[in-house]
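Comments concern the structure below.
The values are calculated or read from the model by the stated rules, or taken from the named source; none is laboratory data. Bear in mind the structure is a predicted one, so any value in this text is a computation, not a measurement. Cβ placement follows ideal geometry from the backbone for every residue including glycine, while neighbour counts extend to all protein chains displayed.
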Amino acid sequence: MHNEDWVNRTRVAVWHPCTQMKHLEETPPLPIARGEGAWLIDHQGQRYLDAISSWWVNLFGHANPSINAALMDQLGRIEHVMLAGCTHAPVVELSERLSSLSGLGHAFYGSDGASATEIALKMSFHCWRNRGRPQKTGYVSLQNGYHGETLGALSVTDVALFKDVYAPLLRQSHQVMSPDWRLAEPEESAEAYAWRAIGQMEDFLAECADTTAAVIVEPLVQGAAGMAMYHPIYLSRLRELCDKYEVHLIADEIAVGFGRTGTMFACEQAGIRPDFLCLSKGITGGYLPLSCVLTRDEIYAAFYADATARGFLHSHSYTGNPLACRAALAVLDIFAADEVLASNRVKSVRFNQLLDPIKAHPRVSHFRNIGMIWAFDVNHTEAGFSTRFHQQALARGLFIRPIGNTVYFMPPYVIEEAEMRLMAEVTLELLQAV
Ligand SMILES: *Cc1c(COP(=O)(O)O)cnc(C)c1O
């Protein structure tokens, strides 16, 4: 079958996510036959460098031999068993390892990022209720924040395009000023701006802590907002405020966890431990849907009782799926064996050098980088910039999808020098062309 046949069939049979289906008439989806390292390959053998890790999930390349081998082995043992009333080695081992990496514990599993958000929101409320504070039902999040698109998660998300239509279905929540450094005054440092932003959070908590269960934030990088980055002092101060005002801190590390910002978890850069840590995306190296919420012992203790209803009775059919957990274990093995964080630091320095001409380009502003994320905003763009950039990059063998006028790179960690060079060269060319 050729590319075109798959495109025609997908238009009829598949309802694609985050897509106005009518637009597929003009911009057909890419029919992928297979993958290899950082590359996606279509049915005609055309290769595209996956500069955004297939929506930020892939860490160690497509068809990674060691993750494949772990899954083959697991397939011969047990593919799935329910986690209520049963347990299995992959879920126990993964939970132990996530605990020792994060300093939190009691891993509760879902399948997608949004379900991790739902779990954390519900647990926070239920924890306060079990402690005799049922009036703590509210949530506060950051402007332009993104936490997923199920109804609860969408309530704390602040992206108008995804949220506005569904407003009548959503619970009220509060959004306060984002520490996104791009929004600072010209002479204001990232740190000064973070201090200004945390002031608004404190004002809110001082007034509303009695009815607020939790603050939810994306640590260091607001991904869907266009890779908006901010100073870690915001998180250190937020931790202090959450303690002072008795409000839970939910760290949504769904996008930034597993080394994306240079440390295993972004919170480490602020020297803090959240009350809830939400993980997904990179957790299985982009292989299988899995998400996880880790919590502090005190929170777990609030549910531990004789009465069934005091427990956290939330469930999903595929909770703790053995194949997904096994993929996650294989990912953690690679982190340890290949000293991934150290090797990423070297790659990051090299890619920054390759991006020097882009940094200096007159159309580029707010060039920013943390760990394995690079982003910049493009000036003087016309409507449809992002789609045109995407399409013209494809024609040059690069798979990249700007968010509005923000172009970003979030490559798999297996990216090599020649591939980094291709990303830089094609992008520089497109800054003249699009
Ligand atoms: C992607 C993302 C989510 C939602 O995860 P899904 O698996 O798409 O439901 C939540 N929070 C953040 C920060 C994300 O980047």
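Anything in the stretch 164-200 that is among the polar types (S, T, N, Q) and surrounded by 13 or more Cβ atoms within 10 Å (Cβ to Cβ)? List them, or say none. Break it down stepwise before answering.
Restricting attention to the stretch 164-200, the residues satisfying the condition of being among the polar types (S, T, N, Q) are 172-173, 175, 178, 189, 200.
Answer for the stretch 164-200, where residues must be among the polar types (S, T, N, Q) and surrounded by 13 or more Cβ atoms within 10 Å (Cβ to Cβ): Ser173, Gln175, Ser178, Gln200.
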So Pro322 fits all but one of (1) surrounded by fewer than 17 Cβ atoms within 10 Å (Cβ to Cβ); (2) in contact (Cβ under 8 Å) with a residue 60 or more places away in the chain; what number is the exception?
-> (1)
Please list, ordered by first then second residue, the pairs with beta carbon atoms under 9 Å, 6 or more apart or interchain, first in the stretch 154-182 and within 19 Å of Gly138 (Cα to Cα), second in a loop (DSSP other than H, G, I, E, B) and among the basic types (Lys, Arg).
-> Ser155/Arg171; Val156/Arg171
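Residue check: is Met123 over 19 Å from Gly282 (Cβ atoms) and surrounded by 23 or more Cβ atoms within 10 Å (Cβ to Cβ)? Spell out how you get there, then give the answer.
Values: over 19 Å from Gly282 (Cβ atoms): yes; surrounded by 23 or more Cβ atoms within 10 Å (Cβ to Cβ): yes.
For Met123, the condition - over 19 Å from Gly282 (Cβ atoms) and surrounded by 23 or more Cβ atoms within 10 Å (Cβ to Cβ) - is met.
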How many residues, within the stretch 124-139, are charged (D, E, K, R), assigned to a loop (DSSP other than H, G, I, E, B) and over 27 Å from Pro179 (Cβ atoms)?
-> 2
By residue number, the members of the stretch 52-62 that are within 23 Å of Thr10 (Cα to Cα) and more than 16 Å from the ligand (Cβ to nearest atom) are His62
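Filtering the stretch 256-296 down to residues that are hydrophobic (A, V, I, L, M, F, W, C) and closer than 17 Å to Phe335 by Cα, which residue is nearest to the ligand (Cβ to nearest atom)?
Within the stretch 256-296, the first condition is being hydrophobic (A, V, I, L, M, F, W, C), and the residues that meet it are 256, 258, 264-267, 270, 272, 276-279, 283, 288, 290, 292-294.
Subsequent filtering for residues that are closer than 17 Å to Phe335 by Cα retains 256, 258, 264-266, 279, 283.
Numbers: Val256: 7, Phe258: 12, Met264: 16, Phe265: 13, Ala266: 10, Leu279: 10, Ile283: 10 Å.
Restricting to residues being hydrophobic (A, V, I, L, M, F, W, C) and closer than 17 Å to Phe335 by Cα, the top hit is Val256.
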Give the residue, chosen from Leu24, Leu49, Leu30, that is more than 16 Å from the ligand (Cβ to nearest atom), over 16 Å from Thr387 (Cβ atoms) and either surrounded by fewer than 19 Cβ atoms within 10 Å (Cβ to Cβ) or at pLDDT 95 or above (or both).
-> Leu49
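Look at Val331 and say whether it is under 30 Å from Cys86 (Cα atoms) and either in a loop (DSSP other than H, G, I, E, B) or β-branched (Val, Ile, Thr) (or both). Even if it seems obvious, please write down each step before you answer.
Values: under 30 Å from Cys86 (Cα atoms): yes; either in a loop (DSSP other than H, G, I, E, B) or β-branched (Val, Ile, Thr) (or both): yes.
When the stated conditions are applied, Val331 passes them.
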Residues (within 20 Å of the chain's Cα centre (by Cα), more than 9 Å from the ligand (Cβ to nearest atom) and not small (Gly, Ala, Ser)) located in the stretch 101-121 | Leu101, Leu104, Phe108, Tyr109, Glu118, Ile119, Leu121
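Give the residue, chosen from Met410, Met372, Met420, that is more than 20 Å from the chain's Cα centre (by Cα), under 26 Å from Gly257 (Cβ atoms) and crowded, with 18+ Cβ neighbours inside 10 Å. If you could, list the steps in order and put the result at the bottom.
On the way: Met410 fails: more than 20 Å from the chain's Cα centre (by Cα); Met372 fails: more than 20 Å from the chain's Cα centre (by Cα).
Going through Met410, Met372, Met420 in turn, the sole match is Met420.
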Some residue of the stretch 140-160 being away from the ligand (no atom under 16 Å from the Cβ) and in a loop (DSSP other than H, G, I, E, B) | no
Among the acidic types (Asp, Glu) and surrounded by fewer than 20 Cβ atoms within 10 Å (Cβ to Cβ) - does that describe any residue in the stretch 84-93?
-> yes
Could you grab me the full set of residues in the stretch 1-20 that are more than 22 Å from His62 (Cβ to Cβ), loosely packed, with under 11 Cβ neighbours inside 10 Å and not small (Gly, Ala, Ser)?
-> Val12, Trp15, Gln20
Among (1) within 16 Å of the ligand (Cβ to nearest atom); (2) hydroxyl-bearing (Ser, Thr, Tyr); (3) over 18 Å from Ala213 (Cα atoms), Ser173 falls short only on (3)
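Does the stretch 199-218 contain any residue that is assigned to a loop (DSSP other than H, G, I, E, B) and closer than 25 Å to Ile403 by Cβ?
First pass over the stretch 199-218, keeping only residues assigned to a loop (DSSP other than H, G, I, E, B): 218.
Next, from what is left, pick out any that are closer than 25 Å to Ile403 by Cβ: 218.
Within the stretch 199-218, one or more residues are assigned to a loop (DSSP other than H, G, I, E, B) and closer than 25 Å to Ile403 by Cβ.
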Might you check whether a residue that is in contact with a His (Cβ under 9 Å, 6 or more places away or on another chain) and either among the hydrophobic types (A, V, I, L, M, F, W, C) or away from the ligand (no atom under 16 Å from the Cβ) (or both) occurs anywhere in the stretch 65-79?
-> yes
Can you tell me which residues in the stretch 223-236 are out of contact with any Asp or Glu (no Cβ under 6 Å at 6 or more places or on another chain) and either outside the structural domain of Gln200 (by TED's automatic domain parsing) or not aromatic (Phe, Trp, Tyr) (or both)?
-> Gly223, Ala224, Ala225, Gly226, Met227, Met229, Pro232, Leu235, Ser236
